[in-house]
Amino acid sequence: MHRMESAGVIGAGIAGLACAQALRSAGVPVSVFEKSRGVGGRCATRRINSTAGVDHGAQYFTVRDARFAAKVEEWCAAGAAACWSGRIVCLARGVTAELLEQNIRFVGVPGMSAIAKSLSIGLDVRTECAVQAIRRNDDRWHVEDAEGAMYGPFDALIVTAPPLQTLALVGGHSTMMALALSRVRMSPCWAVILQLKEMLQVAFDAAFVHESPLAWIARNDSKPQRQTGNCWTLHTTEDWSLVHLDQSADDVTRTLVDEFWRTVAQPTQLPEFVAAHRWRYARPIEPLPQRCLLDSAIGLAACGDWCGGPRIEGAFLSGLAAANGLLDGIGERATIS
Ligand SMILES: Cc1cc2nc3c(=O)[nH]c(=O)nc-3n(C[C@H](O)[C@H](O)[C@H](O)COP(=O)(O)OP(=O)(O)OC[C@H]3O[C@@H](n4cnc5c(N)ncnc54)[C@H](O)[C@@H]3O)c2cc1C
(Lines give C-alpha, C1' and ligand atoms only; values in the text may rest on other atoms or scores of the structure.)
Protein backbone atom coordinates (compact mmCIF):
# COMPACT_ATOMS: atom_id res chain seq x y z
CA MET A 1 0.00 0.00 0.00
CA HIS A 2 1.53 3.35 -1.02
CA ARG A 3 -1.32 5.75 -0.28
CA MET A 4 -4.38 5.45 1.92
CA GLU A 5 -7.34 7.02 0.18
CA SER A 6 -10.01 4.99 1.92
CA ALA A 7 -10.37 2.60 4.84
CA GLY A 8 -12.95 0.14 6.10
CA VAL A 9 -13.41 -0.74 9.76
CA ILE A 10 -15.34 -3.84 10.84
CA GLY A 11 -16.99 -3.36 14.25
CA ALA A 12 -18.25 -0.20 15.95
CA GLY A 13 -17.11 -0.96 19.49
CA ILE A 14 -14.67 1.34 21.26
CA ALA A 15 -11.64 -0.04 19.34
CA GLY A 16 -13.26 0.27 15.90
CA LEU A 17 -14.60 3.77 16.57
CA ALA A 18 -11.30 5.02 18.04
CA CYS A 19 -9.47 3.64 15.01
CA ALA A 20 -11.96 5.15 12.56
CA GLN A 21 -11.76 8.58 14.24
CA ALA A 22 -7.95 8.53 14.16
CA LEU A 23 -7.95 7.71 10.43
CA ARG A 24 -10.60 10.36 9.78
CA SER A 25 -8.47 12.95 11.64
CA ALA A 26 -5.62 12.04 9.29
CA GLY A 27 -7.88 12.87 6.33
CA VAL A 28 -8.74 9.30 5.33
CA PRO A 29 -12.41 8.68 4.41
CA VAL A 30 -13.61 5.75 6.55
CA SER A 31 -16.60 3.40 6.39
CA VAL A 32 -17.52 1.45 9.53
CA PHE A 33 -19.53 -1.79 9.38
CA GLU A 34 -21.39 -2.95 12.48
CA LYS A 35 -23.55 -6.04 12.75
CA SER A 36 -25.73 -4.77 15.64
CA ARG A 37 -28.43 -2.11 15.57
CA GLY A 38 -26.28 0.43 17.39
CA VAL A 39 -22.70 1.31 18.20
CA GLY A 40 -20.77 0.39 21.36
CA GLY A 41 -20.34 -3.39 21.29
CA ARG A 42 -19.70 -4.55 24.86
CA CYS A 43 -19.88 -0.94 26.08
CA ALA A 44 -23.63 -1.43 26.00
CA THR A 45 -26.77 0.11 27.45
CA ARG A 46 -29.90 -2.00 27.20
CA ARG A 47 -33.24 -0.21 26.84
CA ILE A 48 -35.84 -1.48 29.29
CA ASN A 49 -38.56 1.00 28.29
CA SER A 50 -38.94 4.02 26.02
CA THR A 51 -36.84 6.32 28.22
CA ALA A 52 -34.57 4.17 30.37
CA GLY A 53 -31.48 2.12 29.62
CA VAL A 54 -29.35 -0.05 31.90
CA ASP A 55 -25.62 -0.81 31.51
CA HIS A 56 -25.43 -4.55 31.08
CA GLY A 57 -21.90 -4.85 29.63
CA ALA A 58 -19.02 -2.63 30.77
CA GLN A 59 -19.92 -0.91 34.05
CA TYR A 60 -17.43 1.94 34.28
CA PHE A 61 -13.95 2.84 33.07
CA THR A 62 -10.72 3.98 34.63
CA VAL A 63 -7.98 6.10 33.09
CA ARG A 64 -4.20 5.62 33.06
CA ASP A 65 -2.90 6.69 29.65
CA ALA A 66 -2.60 10.40 28.78
CA ARG A 67 -4.16 9.93 25.31
CA PHE A 68 -7.20 8.26 26.81
CA ALA A 69 -7.33 10.87 29.59
CA ALA A 70 -7.59 13.62 26.94
CA LYS A 71 -10.51 11.82 25.30
CA VAL A 72 -12.26 11.29 28.63
CA GLU A 73 -11.88 15.00 29.36
CA GLU A 74 -13.56 15.74 26.00
CA TRP A 75 -16.41 13.32 26.80
CA CYS A 76 -16.94 14.91 30.21
CA ALA A 77 -16.94 18.41 28.72
CA ALA A 78 -19.48 17.31 26.09
CA GLY A 79 -21.72 15.70 28.72
CA ALA A 80 -21.13 12.17 27.40
CA ALA A 81 -19.30 10.95 30.52
CA ALA A 82 -19.01 11.81 34.21
CA CYS A 83 -17.40 10.56 37.40
CA TRP A 84 -19.26 7.86 39.29
CA SER A 85 -18.86 8.31 43.01
CA GLY A 86 -21.08 5.41 44.08
CA ARG A 87 -20.01 3.50 47.18
CA ILE A 88 -18.42 0.25 46.00
CA VAL A 89 -17.60 -2.50 48.48
CA CYS A 90 -16.56 -6.15 48.65
CA LEU A 91 -19.19 -8.66 49.74
CA ALA A 92 -18.54 -12.20 50.90
CA ARG A 93 -21.34 -14.27 52.45
CA GLY A 94 -23.08 -11.25 53.95
CA VAL A 95 -19.89 -9.62 55.22
CA THR A 96 -19.18 -6.18 53.75
CA ALA A 97 -15.63 -4.84 53.45
CA GLU A 98 -14.30 -1.58 52.06
CA LEU A 99 -12.39 -1.68 48.75
CA LEU A 100 -8.66 -1.19 49.18
CA GLU A 101 -8.15 0.58 45.85
CA GLN A 102 -9.69 4.02 45.36
CA ASN A 103 -9.68 4.41 41.57
CA ILE A 104 -11.55 7.29 40.00
CA ARG A 105 -14.33 5.66 38.00
CA PHE A 106 -16.06 7.22 35.00
CA VAL A 107 -19.29 6.21 33.27
CA GLY A 108 -21.01 7.24 30.07
CA VAL A 109 -24.09 9.43 30.62
CA PRO A 110 -26.94 8.76 30.50
CA GLY A 111 -25.62 5.24 29.78
CA MET A 112 -22.31 3.58 28.99
CA SER A 113 -23.11 3.52 25.26
CA ALA A 114 -22.98 7.36 25.27
CA ILE A 115 -19.19 7.31 24.94
CA ALA A 116 -19.45 5.13 21.83
CA LYS A 117 -22.13 7.41 20.40
CA SER A 118 -19.85 10.36 21.03
CA LEU A 119 -16.94 8.58 19.33
CA SER A 120 -19.12 7.84 16.30
CA ILE A 121 -19.98 11.50 15.60
CA GLY A 122 -19.02 12.40 12.04
CA LEU A 123 -18.31 8.79 11.04
CA ASP A 124 -20.06 6.88 8.29
CA VAL A 125 -21.34 3.87 10.29
CA ARG A 126 -23.44 1.22 8.55
CA THR A 127 -25.31 -0.68 11.29
CA GLU A 128 -27.05 -4.07 10.94
CA CYS A 129 -24.34 -5.02 8.49
CA ALA A 130 -22.62 -8.28 9.51
CA VAL A 131 -19.45 -8.78 7.48
CA GLN A 132 -19.06 -12.42 6.49
CA ALA A 133 -15.98 -12.24 4.24
CA ILE A 134 -13.21 -9.89 3.20
CA ARG A 135 -11.67 -10.06 -0.27
CA ARG A 136 -8.55 -8.59 -1.81
CA ASN A 137 -8.62 -7.68 -5.51
CA ASP A 138 -6.05 -5.51 -7.33
CA ASP A 139 -4.35 -4.69 -4.02
CA ARG A 140 -7.53 -3.27 -2.49
CA TRP A 141 -10.04 -4.60 0.01
CA HIS A 142 -13.74 -5.37 -0.36
CA VAL A 143 -16.06 -6.55 2.37
CA GLU A 144 -19.06 -8.79 1.84
CA ASP A 145 -22.03 -8.75 4.20
CA ALA A 146 -24.30 -11.62 5.22
CA GLU A 147 -26.69 -10.81 2.33
CA GLY A 148 -23.86 -10.98 -0.19
CA ALA A 149 -23.69 -7.18 -0.75
CA MET A 150 -20.16 -5.93 -1.46
CA TYR A 151 -18.60 -2.69 -0.16
CA GLY A 152 -15.30 -1.03 -1.05
CA PRO A 153 -12.71 -0.83 -2.42
CA PHE A 154 -10.58 0.20 0.58
CA ASP A 155 -6.82 0.71 0.73
CA ALA A 156 -6.79 -0.38 4.36
CA LEU A 157 -9.05 -2.66 6.37
CA ILE A 158 -9.24 -2.95 10.15
CA VAL A 159 -11.06 -5.82 11.85
CA THR A 160 -12.18 -5.37 15.48
CA ALA A 161 -14.48 -8.35 16.02
CA PRO A 162 -13.69 -10.80 18.87
CA PRO A 163 -10.56 -12.87 18.13
CA LEU A 164 -12.32 -15.99 16.81
CA GLN A 165 -14.42 -14.00 14.33
CA THR A 166 -11.44 -11.85 13.38
CA LEU A 167 -9.47 -15.03 12.72
CA ALA A 168 -12.24 -16.32 10.44
CA LEU A 169 -12.10 -13.08 8.42
CA VAL A 170 -8.33 -12.41 8.21
CA GLY A 171 -6.89 -15.93 8.59
CA GLY A 172 -6.75 -16.63 4.86
CA HIS A 173 -4.94 -13.33 4.15
CA SER A 174 -2.21 -13.11 6.80
CA THR A 175 -0.51 -16.14 8.33
CA MET A 176 1.21 -14.15 11.07
CA MET A 177 -2.07 -12.55 12.15
CA ALA A 178 -3.74 -15.97 12.11
CA LEU A 179 -1.01 -17.39 14.36
CA ALA A 180 -1.34 -14.59 16.90
CA LEU A 181 -5.16 -14.68 16.87
CA SER A 182 -5.30 -18.41 17.42
CA ARG A 183 -3.59 -17.89 20.82
CA VAL A 184 -6.24 -15.52 22.26
CA ARG A 185 -9.07 -16.86 24.43
CA MET A 186 -12.05 -14.89 25.72
CA SER A 187 -14.03 -15.70 28.87
CA PRO A 188 -17.84 -15.52 28.91
CA CYS A 189 -20.12 -13.69 31.36
CA TRP A 190 -23.84 -13.85 32.11
CA ALA A 191 -25.49 -10.50 32.87
CA VAL A 192 -28.90 -10.08 34.50
CA ILE A 193 -30.86 -6.82 34.72
CA LEU A 194 -33.31 -6.65 37.60
CA GLN A 195 -35.81 -3.84 38.15
CA LEU A 196 -37.32 -3.68 41.64
CA LYS A 197 -40.28 -1.81 43.04
CA GLU A 198 -38.84 -1.15 46.50
CA MET A 199 -35.44 0.42 47.20
CA LEU A 200 -33.06 -2.01 48.88
CA GLN A 201 -31.91 -1.05 52.35
CA VAL A 202 -28.22 -1.59 51.68
CA ALA A 203 -25.33 0.75 52.44
CA PHE A 204 -23.58 0.40 49.08
CA ASP A 205 -24.20 1.11 45.40
CA ALA A 206 -22.15 -1.69 43.91
CA ALA A 207 -20.10 -4.63 45.11
CA PHE A 208 -17.43 -7.02 43.98
CA VAL A 209 -18.89 -10.30 45.24
CA HIS A 210 -16.79 -13.23 46.49
CA GLU A 211 -17.62 -16.89 47.13
CA SER A 212 -20.67 -16.72 44.89
CA PRO A 213 -21.68 -17.30 41.23
CA LEU A 214 -22.01 -13.50 41.17
CA ALA A 215 -18.87 -11.44 40.67
CA TRP A 216 -20.42 -7.97 40.56
CA ILE A 217 -23.71 -6.25 41.43
CA ALA A 218 -24.47 -2.57 40.81
CA ARG A 219 -27.40 -0.24 41.29
CA ASN A 220 -27.69 1.40 37.90
CA ASP A 221 -29.37 4.56 39.15
CA SER A 222 -26.46 5.30 41.51
CA LYS A 223 -24.65 6.43 38.34
CA PRO A 224 -25.15 10.01 37.12
CA GLN A 225 -28.21 10.97 35.07
CA ARG A 226 -29.86 7.55 35.03
CA GLN A 227 -33.66 7.40 34.77
CA THR A 228 -33.95 3.71 35.33
CA GLY A 229 -35.80 3.59 38.60
CA ASN A 230 -34.51 0.91 40.85
CA CYS A 231 -32.44 -1.29 38.51
CA TRP A 232 -29.55 -3.59 39.36
CA THR A 233 -27.06 -5.26 37.04
CA LEU A 234 -25.64 -8.64 38.08
CA HIS A 235 -22.55 -10.23 36.47
CA THR A 236 -21.32 -13.78 37.01
CA THR A 237 -17.82 -15.10 37.61
CA GLU A 238 -15.81 -16.51 34.73
CA ASP A 239 -15.95 -20.07 36.19
CA TRP A 240 -19.70 -20.04 36.73
CA SER A 241 -20.30 -18.56 33.27
CA LEU A 242 -18.20 -21.27 31.62
CA VAL A 243 -20.08 -24.09 33.34
CA HIS A 244 -23.52 -22.53 32.65
CA LEU A 245 -22.79 -21.03 29.25
CA ASP A 246 -25.40 -23.06 27.37
CA GLN A 247 -28.14 -22.96 30.01
CA SER A 248 -31.36 -21.21 29.06
CA ALA A 249 -31.69 -17.53 29.95
CA ASP A 250 -34.74 -18.40 32.12
CA ASP A 251 -32.81 -20.94 34.22
CA VAL A 252 -29.85 -18.60 34.59
CA THR A 253 -32.12 -15.74 35.61
CA ARG A 254 -33.85 -17.83 38.31
CA THR A 255 -30.54 -19.00 39.80
CA LEU A 256 -28.91 -15.59 39.77
CA VAL A 257 -31.87 -13.68 41.15
CA ASP A 258 -32.02 -16.15 44.08
CA GLU A 259 -28.28 -15.67 44.56
CA PHE A 260 -28.75 -11.89 44.47
CA TRP A 261 -31.21 -12.01 47.38
CA ARG A 262 -28.83 -14.22 49.38
CA THR A 263 -25.98 -11.81 48.63
CA VAL A 264 -27.76 -8.60 49.65
CA ALA A 265 -29.46 -10.35 52.60
CA GLN A 266 -32.76 -8.53 52.03
CA PRO A 267 -36.39 -9.70 51.90
CA THR A 268 -37.12 -10.90 48.36
CA GLN A 269 -39.32 -8.89 45.98
CA LEU A 270 -40.98 -9.89 42.73
CA PRO A 271 -38.99 -8.05 40.03
CA GLU A 272 -40.88 -5.58 37.83
CA PHE A 273 -38.54 -6.43 34.96
CA VAL A 274 -35.84 -9.04 34.57
CA ALA A 275 -33.70 -10.09 31.59
CA ALA A 276 -30.53 -12.10 31.09
CA HIS A 277 -27.86 -11.64 28.46
CA ARG A 278 -25.06 -14.08 27.61
CA TRP A 279 -21.77 -12.35 26.74
CA ARG A 280 -20.02 -15.23 25.00
CA TYR A 281 -16.82 -13.23 24.50
CA ALA A 282 -16.80 -10.93 27.50
CA ARG A 283 -13.14 -10.43 28.41
CA PRO A 284 -9.75 -11.58 27.11
CA ILE A 285 -8.22 -14.21 29.44
CA GLU A 286 -4.72 -13.13 28.48
CA PRO A 287 -4.51 -10.25 25.99
CA LEU A 288 -1.73 -10.34 23.39
CA PRO A 289 1.26 -8.21 24.43
CA GLN A 290 1.19 -6.08 21.26
CA ARG A 291 -1.30 -3.18 20.94
CA CYS A 292 -2.56 -4.35 17.54
CA LEU A 293 -1.88 -6.84 14.77
CA LEU A 294 -0.67 -5.18 11.62
CA ASP A 295 0.22 -6.45 8.16
CA SER A 296 1.27 -3.17 6.55
CA ALA A 297 2.23 -4.79 3.23
CA ILE A 298 -1.42 -5.59 2.55
CA GLY A 299 -3.00 -2.75 4.57
CA LEU A 300 -4.65 -5.08 7.05
CA ALA A 301 -4.94 -4.60 10.83
CA ALA A 302 -6.82 -6.18 13.72
CA CYS A 303 -7.39 -4.63 17.13
CA GLY A 304 -9.56 -4.75 20.23
CA ASP A 305 -9.32 -5.15 23.99
CA TRP A 306 -7.69 -8.56 23.41
CA CYS A 307 -4.61 -6.68 22.14
CA GLY A 308 -2.33 -4.79 24.50
CA GLY A 309 -4.69 -4.37 27.42
CA PRO A 310 -8.20 -5.39 28.43
CA ARG A 311 -11.08 -3.02 29.24
CA ILE A 312 -12.37 0.12 27.57
CA GLU A 313 -9.09 2.01 27.84
CA GLY A 314 -7.23 -0.93 26.27
CA ALA A 315 -9.74 -1.12 23.40
CA PHE A 316 -9.39 2.62 22.76
CA LEU A 317 -5.58 2.48 22.72
CA SER A 318 -5.62 -0.62 20.52
CA GLY A 319 -7.80 1.19 17.97
CA LEU A 320 -5.41 4.17 17.99
CA ALA A 321 -2.42 1.86 17.56
CA ALA A 322 -4.00 0.16 14.53
CA ALA A 323 -4.73 3.49 12.85
CA ASN A 324 -1.27 4.90 13.57
CA GLY A 325 0.43 1.66 12.58
CA LEU A 326 -1.31 1.66 9.21
CA LEU A 327 -0.58 5.35 8.63
CA ASP A 328 3.10 4.93 9.63
CA GLY A 329 3.53 1.69 7.76
CA ILE A 330 2.30 2.81 4.34
CA GLY A 331 4.60 1.12 1.85
CA GLU A 332 6.54 -0.76 4.51
CA ARG A 333 6.85 -4.50 4.71
CA ALA A 334 4.58 -6.55 6.94
CA THR A 335 5.26 -6.55 10.68
CA ILE A 336 3.30 -7.06 13.89
CA SER A 337 3.45 -3.96 16.08
C1 LIG B 1 -20.03 -8.10 31.22
C2 LIG B 1 -18.88 -7.19 30.90
C3 LIG B 1 -18.41 -6.30 31.86
C4 LIG B 1 -17.34 -5.45 31.57
N5 LIG B 1 -16.97 -4.53 32.50
C6 LIG B 1 -16.02 -3.62 32.17
C7 LIG B 1 -15.75 -2.55 33.04
O8 LIG B 1 -16.39 -2.39 34.09
N9 LIG B 1 -14.77 -1.67 32.67
C10 LIG B 1 -14.10 -1.77 31.48
O11 LIG B 1 -13.24 -0.92 31.19
N12 LIG B 1 -14.38 -2.77 30.63
C13 LIG B 1 -15.33 -3.69 30.94
N14 LIG B 1 -15.64 -4.67 30.06
C15 LIG B 1 -14.85 -4.82 28.84
C16 LIG B 1 -15.19 -3.75 27.79
O17 LIG B 1 -16.56 -3.79 27.54
C18 LIG B 1 -14.39 -4.08 26.54
O19 LIG B 1 -13.02 -4.13 26.88
C20 LIG B 1 -14.55 -3.07 25.40
O21 LIG B 1 -15.88 -2.61 25.30
C22 LIG B 1 -14.11 -3.81 24.12
O23 LIG B 1 -14.26 -2.98 22.98
P24 LIG B 1 -13.87 -3.56 21.55
O25 LIG B 1 -14.13 -2.50 20.57
O26 LIG B 1 -12.51 -4.15 21.62
O27 LIG B 1 -14.83 -4.82 21.31
P28 LIG B 1 -16.42 -4.89 21.18
O29 LIG B 1 -17.06 -3.95 22.10
O30 LIG B 1 -16.74 -6.33 21.33
O31 LIG B 1 -16.69 -4.40 19.69
C32 LIG B 1 -16.62 -5.26 18.58
C33 LIG B 1 -17.76 -4.87 17.65
O34 LIG B 1 -17.65 -5.63 16.44
C35 LIG B 1 -18.95 -6.00 16.03
N36 LIG B 1 -18.80 -7.15 15.14
C37 LIG B 1 -18.36 -8.40 15.46
N38 LIG B 1 -18.33 -9.18 14.36
C39 LIG B 1 -18.75 -8.39 13.33
C40 LIG B 1 -18.95 -8.65 11.94
N41 LIG B 1 -18.70 -9.86 11.38
N42 LIG B 1 -19.41 -7.63 11.16
C43 LIG B 1 -19.68 -6.40 11.70
N44 LIG B 1 -19.52 -6.14 13.01
C45 LIG B 1 -19.06 -7.11 13.81
C46 LIG B 1 -19.67 -6.31 17.34
O47 LIG B 1 -21.08 -6.29 17.18
C48 LIG B 1 -19.13 -5.20 18.24
O49 LIG B 1 -19.95 -4.04 18.17
C50 LIG B 1 -16.71 -5.52 30.30
C51 LIG B 1 -17.20 -6.40 29.34
C52 LIG B 1 -18.28 -7.21 29.63
C53 LIG B 1 -18.82 -8.11 28.56
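The values are calculated or read from the model by the stated rules, or taken from the named source; none is laboratory data. A quick note: this is a predicted structure, and the numbers were derived from the prediction, not measured. Counting neighbours? That spans all protein chains shown, and the Cβs are built from the backbone with ideal geometry, glycine included. Heads up: the accessible areas ignore ligands, DNA and RNA and are worked out on the full protein's heavy atoms, side chains in. Shrake-Rupley method; radii C 1.70, N 1.55, O 1.52, S 1.80 Å.
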Can you spot a residue in segment 212-219 that is more than 15 Å from the ligand (Cβ to nearest atom) and either modelled with pLDDT of 95 or more or more than 22 Å from the chain's Cα centre (by Cα) (or both)? yes
Grab the strands (runs of 3 or more DSSP E) fully contained in segment 30-143, keeping just those with 2 or more residues being out of contact with any Asp or Glu (no Cβ under 9 Å at 6 or more places or on another chain) and of a type outside the set (A, V, I, L, M, F, W, C). 53-55, 95-98, 131-137
Kindly list the number of the only condition in (1) touching a strand residue (DSSP E or B) at 6+ places or on another chain (Cβ under 8 Å); (2) under 23 Å from residue 90 (Cβ atoms) that fails for residue 197. (2)
Checking residue 85 against (1) more than 15 Å from residue 206 (Cα to Cα); (2) hydroxyl-bearing (Ser, Thr, Tyr); (3) out of contact with any Ser or Thr (no Cβ under 7 Å at 6 or more places or on another chain), which single condition isn't satisfied? (1)
Residue 171 fails exactly one of (1) within 16 Å of the ligand (Cβ to nearest atom); (2) farther than 26 Å from residue 251 by Cβ; (3) touching a residue at least 12 places away in the same chain (Cβ under 8 Å), namely (3)
Taking residue 196 as meeting all but one of (1) open to solvent by 30 Å² or more (accessible area, probe 1.4 Å); (2) away from the ligand (no atom under 16 Å from the Cβ); (3) of a type in the set (A, V, I, L, M), write down the number of the exception. (1)
Restricted to segment 230-287 and to residues being touching a residue at least 24 places away in the same chain (Cβ under 8 Å), part of a helix (DSSP H, G or I) and of a type in the set (A, V, I, L, M), the residue farthest from residue 189 (Cα to Cα) is 264
Hey, could you check segment 137-168 for residues that are more than 9 Å from the ligand (Cβ to nearest atom) and in contact with a Leu (Cβ under 6 Å, 6 or more places away or on another chain) and say which is farthest from residue 295 (Cα to Cα)? 163
When residues of segment 126-165 are filtered for being of a type in the set (A, V, I, L, M, F, W, C), under 18 Å from the mean Cα position of the chain (by Cα) and open to solvent by 40 Å² or more (accessible area, probe 1.4 Å), how many remain? 1
Of the numbered conditions (1) more than 10 Å from the ligand (Cβ to nearest atom); (2) at pLDDT 95 or above; (3) of a type in the set (Ser, Thr, Tyr), residue 60 fails exactly one; give the number of that condition. (1)
Mind checking whether some residue in segment 314-323 is within 12 Å of the ligand (Cβ to nearest atom), surrounded by 24 or more Cβ atoms within 10 Å (Cβ to Cβ), over 21 Å from residue 115 (Cα atoms) and polar (S, T, N, Q)? no
